[in-house]
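Mind having a look at this structure? Questions to follow.
The values are calculated or read from the model by the stated rules, or taken from the named source; none is laboratory data. Because the structure is predicted, anything quoted here is derived from the model rather than measured. Every residue, glycine as well, gets a Cβ built from its backbone with ideal geometry; the counts of neighbours run over all protein chains shown. Surface accessibility is based on the protein's heavy atoms, side chains included, excluding ligands, DNA and RNA. Shrake-Rupley method; radii C 1.70, N 1.55, O 1.52, S 1.80 Å.
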Amino acid sequence: MTVLVTGCGGFIGHGVAGALHAAGRDVLGYDLADPPEGRPGWPIVHGDLADAHLLHATLRQHAVRRVLHLGAASGPMVMRDNPAGLFALNIGGTLNLLEASRQAGVERFVFLSSNAAYGPDAGEPISEQTPLLASEPYGASKVAGEALLRAYHWRFGLDTVALRVGVGYGPRRRTDSEPRELLHNALVGRPTIYPWGIGYRRLWTYLDDIVSAILAALDAPAAAIRQPLRAYNIAGPEFAPLDALAAIVRDLVPGADIRLGDGWNPADVRRGPVVLEAARGDLGWVPKVGVREGLQRYCAWLRADLGA
Ligand SMILES: NC(=O)c1ccc[n+]([C@@H]2O[C@H](COP(=O)([O-])OP(=O)(O)OC[C@H]3O[C@@H](n4cnc5c(N)ncnc54)[C@H](O)[C@@H]3O)[C@@H](O)[C@H]2O)c1
């Protein structure tokens, strides 16, 4: 049973495709190109999510039965000045893949939504019933993606699941990220200076916890998926402030020069902690990697990567 992973060259897609491949599953990647470090052990179709014909052909030729849709502009900071392009990729690409999946008889479609779908006015704590009031084009594209999933589920019976993921960190992340900047700068002897950061809390989520959530959503029995939302909050076990991460980085890399000011990152919206009970109950998933362990593992990976 072939599992298609879009965005398989990216931070999360590479982790998921690698985990499936290591488990002996039949995995097929779909991305614009090979990952930067070269062709991995699993096959990849090079293609654009805008190419509906190639998506149809790929799903049919490879008898794809399960889809993990991760290919996207992957955060509010990506394509920030090109909202039309972002919507075309994130909404248009999701629509093309849903339609190809419907026609190919796909049995499970997992979509990577984001905590950004809630926006700044969610209150706290945030459960899956909290209204989706995204403020950024990126978050709006995730709200729209979830609406498309719902329409394909209710009208056509496609078995869909959306995962509203927190802030991912870990090996191979390339988009802007405070954990990488803190660790990378410390390892190369550069200072990190933010005029904000003390008390700035985010849903830090280590890569392995995101991968295990996606695999749980991939394999959960159809009857387990909660109606009507078919969406789950996914986040790490700690809602820690950036100053706590900075203290851990100073422990991991003695001499690290990190200077933080007070308060929230002005480029980010304020959001509270999320409730993870639905994912635990339905998918049997709980986050396992706290920020100290996650930063330790990430630091070891970055050290090796920098030495290579
Ligand atoms: N990283 C996070 O913190 C985070 C948090 C919540 C949700 N998500 C979601 O998870 C998914 C994966 O995120 P990521 O961090 O791995 O992203 P990433 O930027 O590392 O990877 C995205 C991948 O999508 C591919 N892609 C982009 N445009 C494409 C196109 N037109 N056609 C085909 N492929 C294309 C890219 O080549 C890349 O390999 C995204 O949907 C993102 O919105 C990520």
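What longest region of the chain stays clear of GluC sites (Glu not before Pro) that DSSP places outside H, G, I, E and B and that have at most 14 other Cβ atoms within 10 Å?
108-308
Based on the mean of other beta carbon atoms within 10 Å per residue, what is the order of 242-248, 25-31, most packed first?
Highest-to-lowest ranking by the protection proxy: 25-31, 242-248.
Kindly state, to the nearest 0.05, the FRET efficiency for Asp243 paired with Val188, given R0 = 35 Å and r defined as their beta-carbon distance.
After rounding, the FRET efficiency stands at 0.95.
Tally Lys/Arg at +1 and Asp/Glu at -1 over every other residue whose Cβ is under 14 Å from the Cβ of Arg303; what's the total?
Local net charge: +1.
Please report, as a whole percent, how much of the solvent-accessible surface of the range 151-308 comes from carbon and sulfur atoms (probe radius 1.4 Å).
Accessible surface attributable to carbon and sulfur in the range 151-308 totals 54 percent.
Got a sec? Charge dipole of the chain, +1 on Cβ for Lys and Arg, -1 for Asp and Glu; which of Val188, Pro131, Thr94 is way out at the positive end?
The Cα lying farthest towards the positive end belongs to Thr94.
On to the next question. On a full-extension model of 0.36 nm per residue, what is the gain between Ala304 and Asp121, subtracting their alpha-carbon distance, rounded to one decimal in nm?
Residue separation times 0.36 nm, minus the Cα-Cα distance, leaves 61.8 nm.
Give the value in nm², to one decimal: projected area of the alpha carbon convex hull of the range 118-179, averaged over all directions.
If you wrap the Cα atoms of the range 118-179 in a convex hull and average its projections, you get 5.8 nm².
What FRET efficiency comes out for the pair Ala23/Ile198, r = Cβ-Cβ distance, R0 = 41 Å, nearest 0.05?
Approximately 0.50, to the nearest 0.05.
Next question, about the same structure. Under a plain spin-label model, where a point goes 7 Å from the Cα along Cα-to-Cβ, how far apart in nm are Ala84 and Lys288?
Spacing of the two 7 Å Cα→Cβ label points: 4.7 nm.
What distance in nm lies between label points placed 7 Å from Cα along the C-beta direction at Ala50 and Gln129?
A separation of 4.2 nm, rounded to one decimal place.
If you don't mind, another one. Tell me the angle of helix 93-104 to the major Cα principal axis of the chain, expressed in degrees between 0 and 90 and rounded to the nearest ten.
40
Using every alpha carbon pair in the range 11-114, what percent of pairs falls into each 5 Å bin from 0 up to the bin containing the largest distance?
All Cα pairs, binned at 5 Å, distribute as 2, 12, 22, 25, 21, 12, 4, 1, 0 percent.
Work through the residues other than Ala231 whose Cβ is under 12 Å from its Cβ and net out their charges, Lys, Arg +1 and Asp, Glu -1.
Combined, the nearby Lys, Arg, Asp and Glu give +2.
Hey, could you pull the Cα Rg and Dmax for the range 55-192, both in Å?
Gyration radius and largest Cα-Cα distance of the range 55-192: 17.1, 56 Å.
Find the centroid of the Cα atoms in the range 187-209 and in the range 114-163, then give the distance between the two in whole Å.
When both Cα centres are located, 26 Å separates them.
I would also like to ask the following. Grab the beta carbon distance between Asp251 and Arg280, set R0 = 25 Å, and tell me the FRET efficiency rounded to 0.05.
Working from the Cβ atoms, E equals 0.25.
Please say if the range 221-264 is rounded, prolate or oblate, where rounded means a/c under 1.5 for a ≥ b ≥ c the square roots of the C-alpha gyration tensor eigenvalues, and otherwise the choice is prolate for a/b larger than b/c and oblate otherwise?
prolate
For the chain, what is the calculated [θ] at 222 nm in deg cm²/dmol (nearest 500), taking -39500 (n - 2.57) for each run of four or more DSSP H residues and dividing by its residue count?
Per the formula, -11500 deg cm²/dmol.
Return the distance in nm (one decimal) between the two label points of a simple spin-label model at Met77 and Arg102, each offset 7 Å from Cα along Cα→Cβ.
Rounded to a tenth, the inter-label distance reads 3.7 nm.
Right, next: Taking the 0 to 90 degree range and rounding to the nearest ten, how far is the long axis of helix 52-61 tilted relative to the main principal axis of the chain, both from C-alpha atoms?
It works out to around 70 degrees.
Oh, and also: Over the Cα atoms of the range 152-258, Rg to Rh with Kirkwood Rh, two decimal places?
The Rg/Rh ratio comes out at 1.13.
Also: Three principal axis extents, largest first, for the C-alpha atoms of the chain, in Å?
Computed over the chain, the largest-to-smallest principal extents equal 56, 44, 38 Å.
Starting from 0 in steps of 5 Å, tell me what percent of the Cα-Cα pairs of the range 187-308 lands in each bin.
For the range 187-308, the pair-distance distribution reads 2, 10, 16, 17, 17, 14, 10, 7, 4, 2, 0.
What's the angle, to the nearest 10 degrees (0 to 90), between helix 178-188's Cα axis and the longest principal axis of the chain?
Helix 178-188 and the main axis of the chain meet at about 50 degrees.
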